[in-house]
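The values are calculated or read from the model by the stated rules, or taken from the named source; none is laboratory data. All values reported here derive from a predicted model rather than from experimental measurement. When we count neighbours, we look across all protein chains shown, and the Cβ atoms used for this are built from the backbone with ideal geometry, even at glycine. Note: accessible area is taken over every heavy atom of the protein model, side chains too, but ligands, DNA and RNA are not part of it. Shrake-Rupley method; radii C 1.70, N 1.55, O 1.52, S 1.80 Å.
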Amino acid sequence: VAKVSMSAESDGSLGGLSVRGPSATTVAPASNLDKPNVLLYMVDTLRRDMVGVYGGPPGLTPHWDNFATDSTVYEQMVAASGWTKTSLASIFTGVHPRAHGANSPTAQIRPEFPTLAELLLERGYSTAGFTPNPTVDEKFGFARGFQAWSNRYLETSAQIHGRALSWLDQ
């Protein structure tokens, strides 16, 4: 489920932000006050057949299902890798795992590939990242561009949501 799409150009610049869904497509204006909010919410190892919007049992994912009513729902998706670290690095950089380099237990995202957070920060966005995943760590380059970053291994979703909502309230 997604409401916002972004494109990165080959020179590393952010081509544009567009909001997709039932409303008309818009491109972010130059004014910081008029930029759309961007929220990238990812869940690791979530089975499609357990999410209501994709035909899963009713009532298991009411918040996802409600969010989907006003969103673009993608029916087909191909991951860049079967491993969280490598796939997320591709999502963050928009490039293939062989290019970004974060494709082994100790490898980092190569510095020549800006992350989505870095591109947003350059354009005046406030950025924060919250995760409980040890493979998505600062030492691998995942915190680049985030003004606030937290990676607390085995933190519960309620704890993560609490901290993220607190940051958003600020």
>> Ignoring ligands, DNA and RNA, please state the percent of accessible area on region 50-159 from carbon and sulfur, probe 1.4 Å.
In response: 56 percent
>> Let me spell out the model: positive unit charges on the Cβ of Lys and Arg, negative unit charges on the Cβ of Asp and Glu, origin at the Cα centre of region 45-170. What dipole size does that give, in debye rounded to 20?
In response: 360 debye
>> Per residue, how much accessible surface does region 46-105 expose to a 1.4 Å probe? Answer in Å², no decimals.
In response: 63 Å²
>> Give me the 1.4 Å probe accessible area per residue for region 111-170, excluding ligands and nucleic acids, in Å².
In response: 58 Å²
>> Students sometimes get this wrong: rank Lys35, Lys85 by accessible area, probe 1.4 Å, all chains present, largest first.
In response: Lys35, Lys85
